[in-house]
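S.K.: Just passing along the structure, written as structure tokens.
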């Protein structure tokens, strides 16, 4: 089993103004310098209400260099077209977004394409067979970030990790306090939002806490 790693998602309330992006960029840099992270996903669900595609472009241009300069993958949520245009390392798509084939055509063969699969191994196998670089299962715990479509089960991770080679991401309400079962079940990555950005001692402390918890779970 490969070592589980952290997958950071940006806060849902991120504002794509120059001042806000500069301040968030400083927080992001400190967080990434605090410990291991495999990827950062930019998730701007409210961009349509605050600048639309231009807001996404501004955010990508401001944050992508911070992430990529640290050898961390920078992924964009939902928009393979803008991911390709702005030089992202890849895209994450949901079941209601552009299909895998369309996303792959837009971002190219060398980019990362990850796919939300809720609690469905069938959806995950379909994505894996088409060439997805990872599949994401969740939500495993209650979350305030988004309304989950499904409650995911540990058995989904256990069966997937035992039978498939495509990496899997666990998502949904994951914290340093509750992540151990997911690590032991075989999750390759833990996707977190609040565990980093809402940590009482700041995002850097959140990254350190998650890495410590992942390491402890793997060694237990």
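Rule-based calculations on the coordinates, nothing more; no lab input. If you're wondering where the values come from, they're calculated on a predicted model, not measured in any experiment. Note that each Cβ is placed from the backbone with ideal geometry, even for glycine, and that neighbours are counted across all protein chains shown.
S.K.: Stokes-Einstein at 4 °C, 1.567 mPa s, Kirkwood radius from Cα pairs: D for segment 5-219 in µm² s⁻¹?
M.R.: For the chosen part, D equals 76 µm²/s.
S.K.: For a label point 7 angstrom out from the Cα of residue 33 toward its Cβ, which stretches of segment 196-220 have the backbone nitrogen within less than 20 Å?
M.R.: Flagged as within label range: 196-212.
S.K.: If you take the beta carbon distance between residue 109 and residue 68 as r and set R0 to 22 Å, what does 1/(1 + (r/R0)^6) give as a FRET efficiency, to the nearest 0.05?
M.R.: It comes out at approximately 0.70.
S.K.: So what is the relative contact order for segment 5-219, in percent, with contacts set as C-alpha pairs under 8 Å and at least six apart?
M.R.: So the answer I get is 20 percent.
S.K.: Further, regarding this structure: Starting from the Cα-Cα distance between residue 159 and residue 102, subtract it from 0.36 nm times their residue separation and give me the gain in nm to one decimal.
M.R.: Taking residue 159 through residue 102 to full extension adds about 17.7 nm, to one decimal.
S.K.: Still on this structure, please answer the following. With each pseudo-label sitting 7 Å past Cα toward Cβ, what's the residue 150-residue 54 distance in nm, one decimal?
M.R.: Reported label-point gap for residue 150 and residue 54 is 4.0 nm.
S.K.: At 222 nm, what helix-only mean residue ellipticity would the chain give, in deg cm²/dmol to the nearest 500, using -39500 (n - 2.57) for each DSSP H run of four or more?
M.R.: -12500 deg cm²/dmol
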